[in-house]
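The values are calculated or read from the model by the stated rules, or taken from the named source; none is laboratory data. The shown structure was predicted, so the numbers you read here are calculated from the model rather than taken from an experiment. Positions of Cβ are generated from backbone atoms using ideal geometry, with glycine treated the same way; all protein chains shown enter the neighbour counts.
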Amino acid sequence: MSTKCRWVAALAAMAYCMAAAATVAAVETAKVVRPVPRPALAERLKNGPDIIGIVHWGLNTFTDKEWGFGDADPGLLNPVKFDAGQIASAAKAGGLGGLVIVCKHHDGFCLWPTKTTDYNITKTPFWRGTGNGERGTGRDYVKEMEQACRSTGLKFGVYVSPWDRNSAYYGTERYTELYHAQIKELLGGAYGEVFEMWFDGANGGDGYYGGAKERRKIGSADGYYRFPEVFRFVRELQPMATIFAGENDASDFRWPGNERGILSADSRATIETVGGFAGGKYGNPNYRTQINCGSPSGAFFRVCEADFPLRRGWFWHKKENGTTKNAAYLTKLYLSSVGNGGTMNIGLAPNTDGLLDAADARALAGFDAMRKALFAREVVSDGEPFNVVVLSENLANGEQIDGWRLVADGKALVSGSSVGRRRIRLLPQPVAPKSFSFEVTAAGSAPLPVSVRRYLADEELVKAVLEAKADGRETDTAKWMQVGR
């Protein structure tokens, strides 16, 4: 593909939307058709949240495990202070726009009154805390979380693990039908609109399996769970739901290959086919090398969703108190995920009381304050100092930009290959150039408008974010708490 560059005097032909008065370099290239986001994803990228959370709470919280075996006693689920509103409010205060609720983890325990298995919320003291303990009259954890999300202005999403270490039917065709029924119960309207349906790749292994206590493998996940069928009815039941599934071409979001919240500086949404997934391997050997960075020649538009736990583990563990990521480091991960073209998914872990720990809530609130402070003062004229730049490409024709640079007073300031949904760059020191331009140096086709915005942030804040470490001290956010409020 030829991407021979030339300067274009008629800037109007490129129709760039820029906050700064800038010149633009365009590229001469043949028309290149690149994948575009599905309608639900396009709407999500335009108006939906780019920072969300995934809430892990259940029997594992009470057994001090990350992956339950499937044999834990439902009687253990007996929080004394459970408050869905407290969890949702802390997420909202942290700037999150939605929560994905873990409705069933790999242990197979269903946190709603499902008709598919007796291993569910109705067998717990929590359920009997309200009503007479009969099906449909007690406390439904998923419903309470859904209502709390609505009341605080958060979007509501669900995760239902395909693996089930409790079910005696796991590994048989009968289980696949039960699994489909579980998803339909949650997406069929009883819990309202769902903004994201979450799937992962943990499938098969040792488990309780109704008392068999053995190891079961399922081969191809697509084949056993019939994921093409699942995706069809998910989109039929919830037309505006986006789908996260790292091992499936038909998903909207992909796993970036790590659970640290880190994307390549030039990560892009376009990526080659997965080629199927079985035995822990991708059918397309090239996929693993592209999982984080993507490929300009990719046939699928699947944004990286960078997921990571706020604490050390996904579920709450008393021994992990003190491991909460601090506000500055969360802000650094925001730049590494959203700032590199993806979205951010923070793992929240309520404790055995059914509340989010004070340290976790404090870190989230500090993160929101620091993030807002970065973008509180926009610079609109050349000659004014700035140290934050935000780029955003119009994606109606897909990601077309393959090379770009920012030029200040004739010298390259920042450069990269991909722009996509967003690139956020912090400069170690403010600059105040008399002239400033954004230049496209390579592209598949003439890109659609790119937004270029500049901000001046507190230098101490920028330094704190750039130097932040996961195991560092909590950063004092008091001086920025009132910014933009």
Exercise. If you scan region 312-333, which residues turn out to be part of a loop (DSSP other than H, G, I, E, B) and either small (G, A, S) or buried (at least 22 other Cβ atoms within 10 Å of the Cβ) (or both)?
Worked result: G313, W314, F315, W316, G322, T324, K325, N326
Exercise. Restricting attention to region 360-390, and to residues there that are touching a Lys or Arg at 6+ places or on another chain (Cβ under 9 Å) and either without any contact (Cβ under 8 Å) to a residue 60 or more places away in the chain or of a type in the set (K, R) (or both), which single residue is nearest to W314 (Cα to Cα)?
Worked result: K372
Problem set entry | Enumerated strands (runs of 3 or more DSSP E) restricted to region 198-249, each holding at least 1 residues that are more than 23 Å from T273 (Cβ to Cβ) | 205-207, 214-216
Seminar exercise, completed: Screening D50, D73 for residues that are of a type in the set (D, E, K, R), at pLDDT 95 or above and touching a strand residue (DSSP E or B) at 6+ places or on another chain (Cβ under 9 Å) leaves only D50
Exercise. Within region 274-298, can you find the residues that are assigned to a loop (DSSP other than H, G, I, E, B) and within 27 Å of Y334 (Cα to Cα)?
Worked result: V274, I291, N292, C293, G294, S295, P296, S297, G298
Exercise. Only one of (1) touching a residue at least 60 places away in the same chain (Cβ under 8 Å); (2) surrounded by fewer than 19 Cβ atoms within 10 Å (Cβ to Cβ); (3) touching a Leu at 6+ places or on another chain (Cβ under 8 Å); (4) aliphatic (A, V, I, L, M) is not met by A202, so which one is it?
Worked result: (3)
For this session: Tell me, yes or no, whether region 328-341 has at least one residue that is in contact (Cβ under 8 Å) with a residue 60 or more places away in the chain, under 21 Å from A363 (Cβ atoms) and aromatic (F, W, Y).
Result: yes
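Kindly indicate which of A202, A250, A241 is touching a Ser or Thr at 6+ places or on another chain (Cβ under 9 Å) and aliphatic (A, V, I, L, M).
Selected residue: A202, the only one of A202, A250, A241 that is touching a Ser or Thr at 6+ places or on another chain (Cβ under 9 Å) and aliphatic (A, V, I, L, M).
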Seminar exercise, completed: Flagged in region 84-138 as on the phi > 0 side of the Ramachandran plot and modelled with pLDDT under 95, in numbering order, are G131, G133, G136
For this session: Output yes when any residue across region 249-262 is of a type in the set (D, E), in contact (Cβ under 8 Å) with a residue 60 or more places away in the chain, crowded, with 19+ Cβ neighbours inside 10 Å and more than 16 Å from N340 (Cβ to Cβ), and no when none is.
Result: yes
Exercise. Between residues in region 282-305 that are outside the structural domain of G398 (by TED's automatic domain parsing) and within 21 Å of R44 (Cα to Cα) and residues that are modelled with pLDDT of 95 or more and aromatic (F, W, Y), which pairs lie under 7 Å by C-beta distance while being six or more apart or on different chains?
Worked result: R302/F253; V303/F253; E305/F244; E305/F253
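For region 367-376, does any single residue satisfy the condition of being in contact with a Ser or Thr (Cβ under 7 Å, 6 or more places away or on another chain), under 24 Å from T343 (Cβ atoms), of a type in the set (F, W, Y) and not assigned by TED's automatic domain parsing to the domain that holds N47? Spell out how you get there, then give the answer.
From region 367-376, those in contact with a Ser or Thr (Cβ under 7 Å, 6 or more places away or on another chain) are 367, 369-371; that's our starting set.
If we keep only those that are under 24 Å from T343 (Cβ atoms) too, we end up with 367, 369-371.
From what's left, of a type in the set (F, W, Y): 367.
So of that shortlist, the ones also not assigned by TED's automatic domain parsing to the domain that holds N47 come out as none.
Looking for residues that are in contact with a Ser or Thr (Cβ under 7 Å, 6 or more places away or on another chain), under 24 Å from T343 (Cβ atoms), of a type in the set (F, W, Y) and not assigned by TED's automatic domain parsing to the domain that holds N47, one finds none in region 367-376, hence no.
Of these, W57, W67, W112, which one is in contact with a His (Cβ under 7 Å, 6 or more places away or on another chain) and assigned to a loop (DSSP other than H, G, I, E, B)?
The unique qualifying residue is W67.
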Exercise. In region 97-104, is there at least one residue being of a type in the set (A, V, I, L, M, F, W, C), touching a Gly at 6+ places or on another chain (Cβ under 9 Å) and part of a loop (DSSP other than H, G, I, E, B)?
Worked result: no
For this session: Search region 263-279 for residues being closer than 21 Å to I243 by Cα and in contact (Cβ under 8 Å) with a residue 60 or more places away in the chain, and hand back the single one that is surrounded by the fewest Cβ atoms within 10 Å (Cβ to Cβ).
Result: F277
Problem set entry | Search result, residues across region 151-184 that are over 24 Å from the mean Cα position of the chain (by Cα), assigned to a helix (DSSP H, G or I) and surrounded by fewer than 20 Cβ atoms within 10 Å (Cβ to Cβ) | E173, R174, E177, L178, A181
Exercise. Would you say R422 is more than 15 Å from S437 (Cβ to Cβ) and not assigned by TED's automatic domain parsing to the domain that holds W314?
Worked result: yes
Exercise. G341 versus (1) touching an Asp or Glu at 6+ places or on another chain (Cβ under 6 Å); (2) under 23 Å from A40 (Cα atoms); (3) not hydrophobic (A, V, I, L, M, F, W, C): which is the lone unmet condition?
Worked result: (1)
Exercise. Taking into account only those residues within region 379-395 that are in contact with a helix residue (DSSP H, G or I) (Cβ under 8 Å, 6 or more places away or on another chain) and hydrophobic (A, V, I, L, M, F, W, C), which is farthest from L466 (Cα to Cα)?
Worked result: L395
